[in-house]
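Everything on this sheet refers to the single structure shown next.
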Amino acid sequence: MDLSSINPVLLVASLMVAATPILLAAIGELVVEKAGVLNLGVEGMMITGAICGFALAVETGSPLVGFVSAAIGGALLSLLFVILTQYALANQVASGLALTLFGLGFSALLGQDYVGLKPPATPRLDIPVLSDLPVVGPILFSHDPVLYLGIALTAAVWAVLKFTRVGLVLRAVGENHDAAHALGYKVVRIRVLAIMFGGACAGLGGAYISLIRVPQWTEGMTAGVGWIALALVVFASWKPWRALLGAYLFGGVTVMQLNLQAAGVAIPVEYLAMSPYLITIVVLVILSADKSSAPASLGRIFHASN
Amino acid sequence: MIRVEKRPQPSQFWSAATPVVAVLATMVAGGLLFAVLGKDPLLAIKTIFWDPLFGEFSFYYRPQLLIKGAPLILIAIGLSLGFRAGIWNIGAEGQYIIGALVGAGIGLAFYPLEAWYIFPLMVLGGAFGGWAWGMIPAVLKVRFGTNEILVSLMLVYVAEQFLASMALGLMRNPDGMGFPGSRNLQQYGSAYNAELIAGSGMHWGVLSAFLAVIFAYILLNRHMLGYHIRLTGEAPRAARFAGVNPARLILFCLGTSGALAGLAGLFEVAGPAGQVTIDFNVGYGFTAIIVAFLGRLHPIGILLAGFLMALTYIGGEIAQSQLGLPAAAIQVFQGMLLFFLLAFDLLTNFRIRLARGEVA
């Protein structure tokens, strides 16, 4: 075992990369849940985004096109959830599961011809002096643009929810949809938009895995990241900045266990690979005592005649 | 203008008709999907739904129906109890794996001893393993209020890693010349879950599945606990006033569904699969969720839905080899089924009215 082979600067830099897909998906889901909808289909939307982004990036040679189409793909898939829960008034838990099961199969079908290919590389930020600084450079100034987009999105969602009228209406719909409806807000329309935003974010997160983090396409490659993102929303008590913190924590655990594997620690690989999931459970246990911050209408079906 | 009106009572007719309509709609949508993939849609549908039952080689495929249907039914029966009460165990795949590992572990520990009591012990071990794995989310939910959906699902990934470690480490066949995977239980008489009647596909797991259907039917219709489960799902407030103990219900539902999933895993690993390998589990735990909903969470419905889903597995394999239909297409097909089912369920609880636009 050689722990000195782990470079702390590279560790932090790769931690941020590992955290980004979780962060993107979690921020999207946070908005969805703030609007009072529980979408358990994050995993399905992520994996669909992963293959949509991968396929179009390979076909066009442009990672940008890949990311945009991943967001569109995720949002389109979330429309199925919209139809089920907002118009057919189906149970949200069951519909979310359906979305995940369907997304996993659908992505495998789309991705058959893309196994083993290499996607075009996403250019990294390269600012002449800043990116070459010893410690700060690799950590802050030489990542890919999507990583910064994730952080910017966190800030934007925080600001919109806290300071704007749109955010206030969204929260009102999530807290009490009957009251919001009585005030004349279009509950269903607002929720549809929130769900599509969540789908687009999950799609982006998925494409980040297939285009930057791995970068490759394999079936079921999201391996539960979507579910971890769902847990992260609970962890964050529906607060954007805490979601960022949580994502970095999980990213840290993932990167740390990979580094320990590489360093040849005496713990078998399988037990190290379990650790992100086990830590998710532990965190859920610690934080689930306080449910007060959950949106009050979360998971409830809205029907205007009631 | 289409208006959706809540029915005072769920429609009995639509409750029974929804699954049939959903299956038909899935066939149409699936046919379109197959056409897009460049296959003849009618031929593909016929290959999936007709050939396994009445085709040239149906004598081979019919027993497969029992072999593939039994684990689905066994798991789905357990899940349906919880789903009815709003307790969401979606980690059956993990309970299935752990049940199989505990059961197979007991069998392998006795190797090469031949004795009548080994297989019964393995069955108990399988049920216990699944039960214990299901009790983790149950206890955490009762004690700390942790979300059982996320915990049970996370435990699937933990179980998969644990399976990998067992198949490559502790349970690896010492005579296997370094290949991963355990000894083949099919070649170990006392541990083999053999067919009860040769060539029929009928093994102990199938028998257990039928027993589970009967047990669940009696529980839900004739027993106080079953009544409490139904009451909690249909009228949670009334259930609280009636003195239903939610903690007991959670422990019972998650424990039972875990034990049944564990049993399904044990019967699979000791029978049709034979070996503990990294990927002996093929996702029955997740497909069983579809089976539970398709069967309307009703034991008899689940029995029928389980066989239907087994049919899509078998027919899917035939279509794969004969028509070159990709395996993932069948997965999409099964996912679509759940979509249509949930969508058409609207008709059970609501009435669709065509109405002129009116001023509110």
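Taken together, the values in this text are just the output of simple stated rules run on the coordinates, not laboratory data. Keep in mind that this is a model prediction, so the values were computed, not measured. Here the Cβ is made from the backbone with ideal geometry for all residues, glycine too, and neighbour counts use every protein chain on show.
How tilted is helix B:327-344 with respect to the longest principal axis of chain B? Cα atoms for both, answer in degrees (0 to 90, nearest 10).
40 degrees
Would you work out which of A:Val37, A:Ala172, B:Tyr217 lies farthest towards the positive end of the dipole of the protein assembly as shown, given +1 charges on the beta-carbon of Lys and Arg and -1 on that of Asp and Glu, about the Cα centre?
A:Ala172
Using a Förster radius of 56 Å, what is the FRET efficiency between A:Ile267 and B:Ser15 based on their Cβ-Cβ separation? Nearest 0.05, please.
The pair A:Ile267/B:Ser15 has a calculated efficiency of 0.60.
Would you mind getting me the FRET efficiency between B:Leu196 and B:Leu124? Use the beta-carbon distance for r and R0 = 22 Å, nearest 0.05.
Calculated transfer efficiency: 0.70.
Across peptide B:137-149, how many C-beta atoms of other chains are within 10 Å of each residue C-beta, on average?
Taking all residues of B:137-149 together, the mean is 4.
Points 7 angstrom from Cα along the Cβ direction at B:Leu32 and A:Leu245: gap in nanometres?
The modelled label-to-label distance comes out at 4.8 nm.
Given springs between every Cα pair under 10 Å in a Gaussian network model of chain B, which of B:Gly295, B:Gly283, B:Gly99 has the largest fluctuation?
Between B:Gly295, B:Gly283, B:Gly99, it is B:Gly283 that shows the largest mean-square fluctuation.
Among A:Leu244, A:Gly299, A:Leu109, whose Cα lies farthest out toward the positive end of the dipole of chain A, if unit charges sit on the beta carbon of Lys, Arg (+1) and Asp, Glu (-1)?
Sorting the options by dipole projection puts first A:Gly299.
Quick check: Cα centre of the range A:162-193 to Cα centre of the range A:43-101, how many Å?
Cα centroid to Cα centroid, the span is 24 Å.
Tilt of helix B:92-110 relative to the longest C-alpha principal axis of chain B, in degrees (0 to 90, nearest 10)?
Tilt of helix B:92-110: around 20 degrees.
Near B:Pro299, within a Cβ-to-Cβ distance under 13 Å, what is the net charge of the other residues, with Lys and Arg +1 and Asp and Glu -1?
Neighbourhood net charge equals +4.
Might you report the magnitude of the Cβ-based charge dipole of chain A about its Cα centre, with Lys and Arg at +1 and Asp and Glu at -1, to the nearest 20 debye?
Dipole magnitude for chain A comes out near 940 debye.
Which value, in debye to the nearest 20, describes the size of the charge dipole of the range B:38-325 about its Cα centre when Lys and Arg Cβ atoms bear +1, Asp and Glu Cβ atoms bear -1, and nothing else is charged?
1040 debye
Mind sorting B:Phe252, B:Phe57 by how few other Cβ atoms lie within 10 Å of their own Cβ, fewest first?
With the fewest neighbours first, B:Phe252, B:Phe57 line up as B:Phe57, B:Phe252.
Please give the FRET efficiency for A:Ile83 paired with B:Arg222, using the beta carbon to beta carbon distance and R0 = 41 Å, rounded to the nearest 0.05.
Once rounded, the FRET efficiency stands at 0.60.
Hand me the chymotrypsin sites (Phe, Trp or Tyr not before Pro) from the range B:112-200 located in a DSSP loop with no more than 13 other Cβ atoms within 10 Å, in residue order please.
Hits after loop and neighbour filter: B:Trp116, B:Tyr117.
Please return the longest range in chain B lying between exposed loop sites, taking GluC sites (Glu not before Pro), DSSP loop only, at most 13 other beta-carbon atoms within 10 Å, and leaving the sites out.
The segment B:115-357 is the longest one with no such site.
Which residue fluctuates most in the GNM of chain A (Cα springs below 10 Å): A:Arg213, A:Arg242, A:Arg124?
A:Arg124
Which whole-number percent is the relative contact order of chain A (Cα, under 8 Å, 6+ apart)?
37 percent
Once you list every other residue whose beta carbon is under 15 Å from the beta carbon of B:Leu260, what net charge do they have if Lys and Arg are +1 and Asp and Glu are -1?
Every neighbour counted, the sum reads -1.
Quote the relative contact order of chain B in percent (integer), defining contacts as alpha-carbon pairs under 8 Å separated by 6+ residues.
Across chain B, relative contact order equals 36 percent.
Given contacts defined as C-alpha pairs under 8 Å and at least six residues apart, what's the relative contact order of the range A:190-289, whole-number percent?
For the range A:190-289, the relative contact order is 23 percent.
Classify the range A:1-89 as rounded, prolate or oblate from the Cα gyration tensor: take a ≥ b ≥ c as the square roots of its eigenvalues, call it rounded if a/c is under 1.5, otherwise prolate when a/b beats b/c and oblate if not.
oblate
If the only charges are +1 at each Lys and Arg Cβ and -1 at each Asp and Glu Cβ, what is the size of the charge dipole of the range A:29-136 around the Cα centre, to the nearest 20 debye?
Approximately 100 debye in magnitude.
Which one of B:Trp116, B:Met154, B:Ala270 has its Cα pushed farthest toward the positive end of the charge dipole of the range B:38-325, where Lys and Arg give +1 and Asp and Glu give -1 at the Cβ?
Highest projection toward the positive end goes to B:Met154.
Work out how much length B:Glu234 to B:Arg3 would gain on full extension: take 0.36 nm times their residue separation and subtract the Cα-Cα distance, in nm to one decimal.
Length gained, B:Glu234 through B:Arg3: 80.7 nm.
How much net charge surrounds B:Thr287 when only other residues with a Cβ under 15 Å from its Cβ are counted (Lys, Arg +1; Asp, Glu -1)?
Counting the neighbours of B:Thr287, the net charge comes to -2.
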